[in-house]
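Trainee: Have a look at this one.
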Amino acid sequence: MTGDLSLLAAVRFAVFDFDGVFTDNRVLVGQDGRESVWCSRADGLGVEMLMRSGVPALVISAEKNPIVTARTGKLGLECIQGCDDKWAELERVLVGRQLAPAVVAYVGNDVNDRDCLTHVGVPICVADAHDEVLPLARLVTERPGGRGAVREICDAIMRAQRQG
């Protein structure tokens, strides 16, 4: 991961976009209209370990999709879907949890993540994020979305917190 990894020591809440972060941003559509995506099992294990280490996590997705429900449910991740204004929703969550944006890591990959990336203390983009949001990130993963980027982030947060 590139950037100042010491920022991760302050993270108390990790928030992830789903499409393009947990997935490689591709979708397979069958002739019956059902969708499928690829997710990394390593990413799932990373999130489970992060939450066990005491850092809660949340997925905020613009799309409402049974795939997101199934994957986050399996991982025991809180999930908010069908969210047109991700920052307004995240801000509501932070107020409810009494958390300052400064202690939040937000992981995104595209322009609909722009507001969250600009308001949190630790904005992170996956390696293959859209060119318009990459400059907003203070950290950028080496791995692309859906291919271990989430695990890379979780491992880095846990490592920074053990060292800090």
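Trainee: So how strong a dipole does the chain carry about its Cα centre when Lys and Arg Cβ are +1 and Asp and Glu Cβ are -1, to the nearest 20 debye?
Mentor: On the way: 18 positive and 23 negative charges, 149 e Å.
Using Cβ point charges on Lys, Arg, Asp and Glu, the chain gives about 720 debye.
Trainee: Also: Would you please state which residues of region 98-124 a label at ALA88 would reach in this model, taking the label point 7 Å out along Cα→Cβ and a backbone N cut-off of under 16 Å?
Mentor: 112-116
Trainee: How are the alpha carbon pair distances in region 110-164 distributed across 10 Å bins from zero to the largest one, expressed in percent?
Mentor: Going out from 0 Å in 10 Å bins, region 110-164 shows 25, 51, 22, 1 percent.
Trainee: In the neighborhood of GLY46, defined by Cβ-to-Cβ distances under 13 Å, what is the net charge if each Lys or Arg adds +1 and each Asp or Glu adds -1? Each step should come with its number before you reach the end.
Mentor: Working: positive: ARG41, ARG52, ARG143, ARG147, ARG151, ARG159; negative: ASP43, GLU48, GLU152, ASP155.
Charge balance near GLY46 sits at +2.
Trainee: Take the eigenvalues of the Cα gyration tensor for the chain, scale each by 5, and report the square roots as semi-axes in whole Å, largest first.
Mentor: Values: eigenvalues 105, 56, 51 Å².
Working from the Cα gyration tensor, I get semi-axes of 23, 17, 16 Å.
Trainee: Can you give the three extents of the C-alpha atoms in region 74-150 along their principal axes, from longest to shortest, in whole Å?
Mentor: Computed over region 74-150, the largest-to-smallest principal extents equal 33, 30, 23 Å.
Trainee: Shifting gears a bit: Take LEU28, LEU45 and order them by how many other Cβ atoms sit within 10 Å, fewest up front. All intermediate terms of the calculation are to be shown ahead of the outcome.
Mentor: On the way: LEU28 9, LEU45 14.
So the residues, fewest neighbours to most, are LEU28, LEU45.
Trainee: What ranking do CYS79, CYS39, CYS125 get, fewest neighbouring Cβ atoms within 10 angstrom at the top?
Mentor: Sorted ascending by nearby Cβ count, the order is CYS79, CYS39, CYS125.
Since every read-out is calculated from the coordinates, none of them should be taken as a lab result. Predicted model, so just to flag it, every value in this text is computed and none were measured. When we count neighbours, we look across all protein chains shown, and the Cβ atoms used for this are built from the backbone with ideal geometry, even at glycine.
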